[in-house]
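The values are calculated or read from the model by the stated rules, or taken from the named source; none is laboratory data. Values in this document were obtained by computation on a predicted structure and should not be read as measured data. Glycine gets a Cβ as well: all are built from the backbone with ideal geometry, and neighbour counts include every protein chain shown. Quick note on the areas: whole protein, heavy atoms, side chains included, nothing else; ligands and nucleic acids left out. Shrake-Rupley method; radii C 1.70, N 1.55, O 1.52, S 1.80 Å.
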Amino acid sequence: GYGRASALAFMAGAAEAGLDFVEQPVADGDLAGMRDCAAASTVPLAADEVIQSIDAIRRHHEMGAAAGGSLKTI
């Protein structure tokens with residue numbers, strides 16, 4: 001993932017670029033960074049690698065850190 005400043009800049013331009021969603025632009029565990037990125041754009045943000053439990057989904061939802069997530073059954 002990007003560093004927080006680069007991720008915020010990317011998210012600020014995501015709508016203009018016509019993106020439908022952005023997948024986890026910051027490092028795993030940077031929940032505050034995810035929240036800030038979600039707030040920086042109208043483009044929905046999806047959590048990915050960090051979603052390893054129901055609690056992780058709840059934390060992201062409660063903080064407004066993601067509009068959805070990628071779940072893989074591997």
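Table for the structure above
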| item | result |
| --- | --- |
| Dipole magnitude (debye, nearest 20) for the chain, charges at Cβ of Lys, Arg, Asp, Glu | 120 debye |
| Estimated [θ] at 222 nm from DSSP helical runs (n ≥ 4, -39500 (n - 2.57)) normalised by residues in the chain, nearest 500 | -12000 deg cm²/dmol |
| Per residue value of the accessible surface for the chain (all protein chains in place, 1.4 Å probe), Å² | 61 Å² |
| With every protein chain in place, the chain: carbon and sulfur % of accessible area (1.4 Å) | 54 percent |
| Two-site label geometry, Thr42 and Met63: point separation in nm, points 7 Å out along Cα→Cβ | 2.6 nm |
| The chain, relative contact order [Cα under 8 Å, separation at least 6], % | 30 percent |
